[in-house]
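This report concerns only the one structure given below.
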Amino acid sequence: MHAAKNALNGDQPGLGKTIQAIAAIKMHKCQKILYFTLATLKATVKEEFELRAPNSQTVIIRGEKKQRDKIWSQDANVYIANYELLLRDLPEMQKIKWDAIIADEATRLSNPQAKTTRAIKKLNAIYKFPLSGTPLSNAVQDVWSIIDFCEPGALGSYWQFVDRYCEKDVWGSIKGYKNLDILRKEIHPYCIRRLKKEVLQQLPPKMYENIYIELSASERKMYNAIKQELKNELKSLGMTDRGGLQNMITKMLRLKQAADSLELISDIRKSSKLEGLKELLQSICVDGNKVVIFTFFKTMALILMRELVEYNPLLIAGGVSEQDRNDNRDKFNSNIENRILISTDAGSFGLNLQKKSKSIIHYDIPWSVSKTEQREDRVHRIGQTGQVIVYKMIAKDTIDEYSLQVLSMKQNTAEKVLGDRDRLRNKRVSRETIRKLLQ
């Protein structure tokens, strides 16, 4: 990417395209970077920059027009925006002299006639780096539009490209492709493409990525109301009221439910985390990759079954018979069309899913390190020949982030904070611990 200056990074999902892009702009000493990504992934990108380029000032473009204009006017290094803002804030973007533009999930630019694609091509920058694990998601023409963004004219005009590489029927519709060996040579100077199997020996057997989600205003309001109710209840508890404290721990599950989906605690079908999951699945459920999704709540598992029907999901949870569990496991391991398996912690014991699955998603985070490992070991075990990527869905500024902190500690520390349900009888949870958690 550094040598090419303008290049499409088409590495398969899980090979670190964002990290490579950050490395390239650091090598170029870029000071003004515009980073486009999906709306639900903006917070995740910010976390990545804070980790990989801690000296850079990074801002997320969000809010109403006045608020966004104020953020655009800040003297920051990295501006993170979603693609929809190209149609709303293009004049503000054009006012800034960009050193680099990074277009994550660049399949959003595969349609040359789309307003978003036309808008982004009006922006100037010294370096342009589109990123996509599936640069040819639908048709060969997709790659023309993406490369034309980073290196205009490199593949000629769109109609020249179609005449050279596409076959048409008598009505002028594209029916097939030709000269693909020539096309491969044409795009080589502008496209990086590595497969997981090519670099497998360089990769650890298990990689982790946190996906940070911003709650909507209505979700935040509901979450804060529940938190305040718990705080008020905590104030009324005596320091020695063990029964009341343990009851508080149970009630704190409502915070996890609010972060997962408002549907778990109300009649409102709203979940920013679920929308973020759908966008994540679009990028990782490719090339035969199968995904196991874990959640603490059976009701949430049923919601996921309903919302992810396009992937022909299978369910393993408490209440599912042993025969059905075995049947669903076998279907997941053998059937191409069943791309997702959804499991609760109650249904995960004794499973062997390593044959086909390469990705694990923690839709919510267990308190216990051991439970987290039990989830992951359903897939990452003897017999798994490929790299496994573990994703954690984290709602920003919620109990999810505290759960993540717990998991970063040693296992005995995690048990001291809350512990597994069967250990609550023997391990005291202090009033002060719960107070800090709610803060």
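List of remarks:
- Scanning region 167-192 for residues that are in a loop (DSSP other than H, G, I, E, B) and not aromatic (Phe, Trp, Tyr) yields 169, 170, 172, 173, 178, 179.
- Total residues in region 19-37, condition surrounded by fewer than 21 Cβ atoms within 10 Å (Cβ to Cβ) and under 19 Å from the mean Cα position of the chain (by Cα): 2
- Number of positions in region 77-93 that are surrounded by fewer than 18 Cβ atoms within 10 Å (Cβ to Cβ), without any contact (Cβ under 8 Å) to a residue 40 or more places away in the chain and within 25 Å of residue 19 (Cα to Cα): 0
- Top-ranked residue of region 175-227 - restricted to ones that are acidic (Asp, Glu) and under 24 Å from the mean Cα position of the chain (by Cα), ranked as modelled with the highest pLDDT: 219
- Qualifying positions in region 264-284 - modelled with pLDDT of 90 or more, in a helix (DSSP H, G or I) and under 21 Å from the mean Cα position of the chain (by Cα): 272, 273, 274, 275, 276, 277, 278, 279, 280, 281
- Residue within region 299-308 that is farther than 25 Å from residue 404 by Cα and modelled with pLDDT under 90 present: no
- Candidate set from region 2-17 (those that are closer than 13 Å to residue 103 by Cα and in contact with a Leu (Cβ under 7 Å, 6 or more places away or on another chain)); member that is least open to solvent (accessible area, probe 1.4 Å): 9
- Filter result (surrounded by 10 or more Cβ atoms within 10 Å (Cβ to Cβ) and polar (S, T, N, Q)) within region 168-178: none
- Residues located in region 38-62, provided they are open to solvent by less than 40 Å² (accessible area, probe 1.4 Å) and free of Cβ contacts under 8 Å to residues at least 12 places away in the same chain: none
- Condition broken by residue 133, with the remaining ones in (1) crowded, with 17+ Cβ neighbours inside 10 Å; (2) more than 30 Å from residue 376 (Cα to Cα) satisfied: (2)
- Members of region 114-134 that are outside any strand (DSSP E or B), within 23 Å of residue 2 (Cα to Cα) and of a type in the set (A, V, I, L, M, F, W, C): 120, 123
- Residues in region 329-364 that are at pLDDT 80 or above and farther than 12 Å from residue 292 by Cα: 330, 331, 334, 335, 336, 337, 364.
- Qualifying residue in region 46-57 (condition: assigned to a helix (DSSP H, G or I), of a type in the set (Lys, Arg) and either within 22 Å of the chain's Cα centre (by Cα) or on the phi > 0 side of the Ramachandran plot (or both)): yes
- Selection status of residue 320, in contact with a Cys (Cβ under 7 Å, 6 or more places away or on another chain) and open to solvent by less than 60 Å² (accessible area, probe 1.4 Å): no
- Of all the numbered requirements in (1) of a type in the set (A, V, I, L, M); (2) modelled with pLDDT of 90 or more; (3) under 30 Å from residue 186 (Cα atoms), residue 4 misses one, and that requirement is (2).
- The selection criterion, being over 28 Å from residue 80 (Cβ atoms), surrounded by fewer than 21 Cβ atoms within 10 Å (Cβ to Cβ) and charged (D, E, K, R), does not hold for residue 206.
- Listed by first and then second residue, the pairs with beta-carbon distance under 8 Å, at least 6 apart or on different chains, first residue in region 320-341 and over 19 Å from residue 310 (Cα atoms), second part of a helix (DSSP H, G or I), are 320/328; 320/347; 325/347.
- Options 127, 165: the member that is of a type in the set (Phe, Trp, Tyr), farther than 14 Å from residue 111 by Cβ and open to solvent by less than 10 Å² (accessible area, probe 1.4 Å): 165
The values are calculated or read from the model by the stated rules, or taken from the named source; none is laboratory data. Bear in mind that the values here come from a model prediction, so they are computed numbers and not experimental data. Reconstructed Cβ throughout: ideal geometry from the backbone, glycine too, with neighbour counts over all protein chains shown. Surface areas here come from the heavy atoms of the whole protein model, side chains and all, with no ligands, DNA or RNA. Shrake-Rupley method; radii C 1.70, N 1.55, O 1.52, S 1.80 Å.
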